[in-house]
Amino acid sequence: MKPKKKIPKTFISFLLASILIWLLITLSKEYITTISFPVEYGKISQNKLLLANQTKEIEIVVKTNGFKILRTRFNTKSFLINVNTLIRKKGTTYYLLLKSKKQSIKRQLPSGVSLQEIIKDTLFVELGSLVTKKLAVKSNLKISYHIGYDLSEKISLKPDSILVSGPENYISKIKNIELVPIVFEDVKVDFVKKIAIKVPEGVKNLKFNIKEVTVSGKIEKFTEGILNVPFKIINVPNGITINTLNKKVQVSYIVGLSSFNKIDENSFQIECDYAMSASNSLGYLIPKVVRKSSEVKSYKLSPNEINFLIQN
């Protein structure tokens with residue numbers, strides 16, 4: 001087997017030096033080339049906001065040496081384009097003639113890089129109207145109570161509404177803003193908690209005047225009570241007398257322990273509508289609670305059908 005010939009180190013050194021010299025000569029020359037620059041938008045009107053799918057970069061033709069072309073390509077600085085002089089085309093579409101920004105673009109180019117041409121003469125921008133609306137806050141609670149306990153009054157939200165600013169096409173369609181979901185388990189005491197606003201997904205440029213809402217609930221132990229309450233028959237035609245065997249109905253109700261002694265017969269008003277029974281050919285009356293104390297959480301009537309006799 002023939003031994004492999006080693007490449008002399010002097011040859012490798014000469015080759016590397018030649019390549020380096022060639023690169024220096026090549027990169028020292030001036031070139032005209034096209035470079036893409038990222039775009040940032042400035043001076044947007046306070047009542048407007050940028051919508052999605054904006055032009056993210058513009059292409060310009062520049063003249064400079066190879067060194068600066070390489071440096072610019074690998075370290076491209078964004079151009080700030082002020083859009084305070086936009087012209088409306090249609091709907092949310094506006095446009096800007098880039099030739100009016102030529103001097104501004106020139107000033108933002110790296111030193112030694114000269115602007116030759118802007119490839120695209122018109123920059124289109126999508127702008128939406130920024131509106132503010134007062135929206136109701138909606139709690140997003142899941143509560144499981146300890147046996148025998150429940151809310152004694154409606155859950156309190158402070159504040160119960162907030163100011164939301166955002167795109168008009170979104171804000172005009174919504175009626176409330178939800179809170180972040182919270183789970184309370186085995187609850188048997190009052191609670192107070194600050195809960196963050198739930199930011200809707202997929203919607204940009206939303207602003208809230210507050211970030212949290214105080215949610216509180218009063219919890220009480222509940223008990224059952226039973227009362228016999230008289231009822232009234234309504235809509236009886238003249239000349240007809242209605243007799244019933246029962247003069248009262250039994251009301252089983254649930255009430256907070258602290259309010260138990262406040263509940264009596266006068267806490268309920270019960271009526272039977274004779275005209276409704278007659279029009280449906282019913283041979284009985286149906287008792288119905290038409291008024292009850294706000295302290296009563298729930299109730300049940302017995303019997304739920306009352307037989308009657310008609311006396312002319």
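Values in this text are rule-based calculations from the coordinates and carry no lab data. The model shown is predicted, which means the values in this text are computed figures rather than measured ones. Cβ coordinates were reconstructed from backbone atoms using ideal geometry, including for glycine residues, and neighbour counts include every protein chain displayed.
Structural remarks
- Nearest-0.05 FRET efficiency for S111 and K43, computed from C-beta distance (R0 25 Å): 0.50
- Per the Debye calculation on the stretch 29-128 with a single equal scatterer at every Cα and no solvent contribution, log₁₀ I(q)/I(0) for q = 0.10, 0.12, 0.19 Å⁻¹ amounts to -0.30, -0.42, -0.90.
- Summing +1 for each Lys or Arg and -1 for each Asp or Glu among the other residues whose beta-carbon sits under 12 angstrom from that of K133 gives +3.
- Shape class for the stretch 222-311, computed from the alpha carbon gyration tensor (a ≥ b ≥ c): prolate, with a/c not under 1.5 and a/b above b/c.
- For the stretch 130-161, the residues whose backbone nitrogen is under 20 Å from a point 7 Å from the Cα of F260, taken along Cα to Cβ, are 146-153.
- Stokes-Einstein diffusion for the chain, with the hydrodynamic radius set to the Kirkwood value over Cα pairs and evaluated at 4 °C in a medium of 1.567 mPa s, equals 45 µm²/s.
- Put a dot 7 Å past the Cα of K198, heading toward its Cβ, do the same for T241, and the two dots end up 6.2 nm apart.
- Amide H within-cut-off set for E117, under 5 Å, with H built and near neighbours excluded: V61
- Each Lys or Arg adds one and each Asp or Glu subtracts one; over the other residues with Cβ under 13 Å from the Cβ of N228, this totals 0.
- Length gained when the stretch S302-L135 is fully extended (0.36 nm per residue, less Cα-Cα span): 55.7 nm
- Candidates S152, I118, V251 compared by Cα position along the dipole of the chain: farthest toward the positive end lies I118, with charges placed on Cβ.
- Plainly put, the stretch 130-220 has a radius of gyration that is 1.06 times its Kirkwood radius, both from alpha-carbon atoms, as the Rg/Rh ratio.
- Efficiency of FRET from Cβ geometry, K29 and Q54, R₀ 45 Å, rounded to 0.05: 0.80
- Rounded to 5, percent antiparallel among DSSP beta bridges of the chain: 85 percent
- Counted by Cβ distance under 15 Å from D121, the other residues give a net charge of +3, where Lys and Arg count +1 and Asp and Glu count -1.
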